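Visitor: Submitted below is the structure of interest, expressed as structure tokens.
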Amino acid sequence: MVSPPLTFALAMPIGPSADGHPLLTAALRSIAAQGERVQLAVLDASGNAETAATLDRYSGLISHRRTGPDGGQAAAIQEGWDRLEGDVYGWLNADDLLYPDALAVAARHFEARPDASAVTGQSLFFDFDGASGAYTFTGLHPEVRAPDDALFRTNTISQPSTFVRRRALEAVGWLDTGLHYTMDWDLWVRLHAAGLAFVYEPSVLSAVLMTPGTKTSRFNSGRRREIGALVAEHAGWLAAQKSLVAFWLTHRAEAEAGRGVFTALRDGLQRRGGGGAREGANGGSETWPLFHFGDGPRRSLSRGGGPVEAVDVAPGVPVAVEVAAGQTVRLAP
């Protein structure tokens with residue numbers, strides 16, 4: 001007997017942002033491009049008129065929409081999930097993008113593995129300049145790999161590329177809405193500790209904005225406190241101190257121009273600890289397709305400061321050229 005199609009329930013929390021959310025249209029279009037059944041809850045705490053106007057244009061995509069203050073990102077995500085009825089749950093921030101086949105890949109894994117509680121894949125990091133429309137690709141998520149007990153010491157799962165069955169969320173108690181920095185990692189740890197199975201998909205399922213000022217790039221006292229408490233609970237006090245040092249080194253390395261002392265220390269620590277490979281940090285030998293999720297087609301593309309042969313770039317399909325780590329790409333009408 002053929003199983004009915006899965007319904008994916010996605011939450012999109014939108015927090016305050018000084019520049020609005022220049023990638024919001026692209027994020028919404030990346031959801032609309034999915035071939036699977038999707039319910040979307042948008043929780044908008046931005047107070048931004050431009051954001052509200054964008055959401056108005058995509059009202060047909062949104063199953064539930066709330067405008068106004070909330071109790072933080074985790075509380076907003078859980079609120080959105082509570083308003084949806086799906087088989088599989090996830091969330092996408094307003095600055096991140098799903099690859100066009102992300103949900104189809106997840107659905108195939110869930111069909112093949114009825115015992116699987118979650119499907120998780122790789123993500124591509126990028127920076128974005130809203131003024132010029134330039135994308136700079138920095139490489140694959142350096143820590144992502146098939147989940148194992150290392151998850152108790154460091155987060156090896158990319159949140160936008162992870163989708164969890166409802167029954168698994170019910171079994172472990174959904175999100176901890178009191179967390180502000182580690183709500184995703186805490187959820188993965190509780191799923192893994194409960195013996196619930198993850199399926200690892202090595203291909204890229206999402207593109208993640210990683211630029212100075214994003215919450216993930218910070219290493220403030222609140223984030224340090226949540227990381228220390230999570231690791232200490234599941235791996236002990238000493239492991240928590242080691243993890244905090246590793247996160248601090250990564251934070252300092254990402255702030256360096258080029259390969260400095262903190263980058264060398266971080267990479268050495270990762271090699272000794274069996275950390276994920278830093279694909280794309282090796283002079284640009286890795287390449288990935290560029291996807292366009294704008295409102296209309298584009299006719300030209302510039303790469304690394306020079307023009308590329310004109311191509312028709314339709315929303316939600318791969319551009320006919322590839323981009324490498326550190327390469328800047330602009331799409332023009």
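The values are calculated or read from the model by the stated rules, or taken from the named source; none is laboratory data. Note that the structure is predicted; figures quoted are calculated from it, not measured. Ligands, DNA and RNA are excluded from the accessible area calculation, which covers all protein heavy atoms including side chains. Shrake-Rupley method; radii C 1.70, N 1.55, O 1.52, S 1.80 Å.
Visitor: If each residue of separation counts as 0.36 nm, what is the full-extension length gain between residue 241 and residue 32 once their alpha-carbon separation is subtracted?
Guide: Extending this stretch completely gives an extra 71.0 nm.
Visitor: Same structure again: Report the gain in length on full extension from residue 113 to residue 171: 0.36 nm times residue separation, minus Cα-Cα distance, nm rounded to one decimal.
Guide: Once the chain is fully extended between residue 113 and residue 171, it gains 19.1 nm.
Visitor: Multiply the residue separation of residue 52 and residue 18 by 0.36 nm, subtract the distance between their alpha-carbon atoms, and state the gained length in nm to one decimal.
Guide: Difference between extended and current length: 10.8 nm.
Visitor: For the stretch 87-100, take each phi angle, set θ = phi - 60°, evaluate the Karplus expression 6.51 cos²θ - 1.76 cosθ + 1.60, and give the result in whole Hz per residue in order, putting x for glycine and proline.
Guide: 8, 9, 10, x, 8, 9, 6, 6, 10, 10, 10, 8, 5, x
Visitor: Using protein chains only and a probe of 1.4 angstrom, how many square angstrom of residue 295 are accessible, to the nearest 10?
Guide: Spelled out: residue 295, probe radius 1.4 Å, area about 90 Å².
Visitor: Accessible surface of residue 234 in the full protein assembly, 1.4 angstrom probe, to the nearest 10 Å²?
Guide: 60
Visitor: In square angstrom, rounded to the nearest 10, how much accessible surface does residue 288 have for a 1.4 Å probe?
Guide: Approximately 20 Å² of residue 288 is accessible to the 1.4 Å probe.
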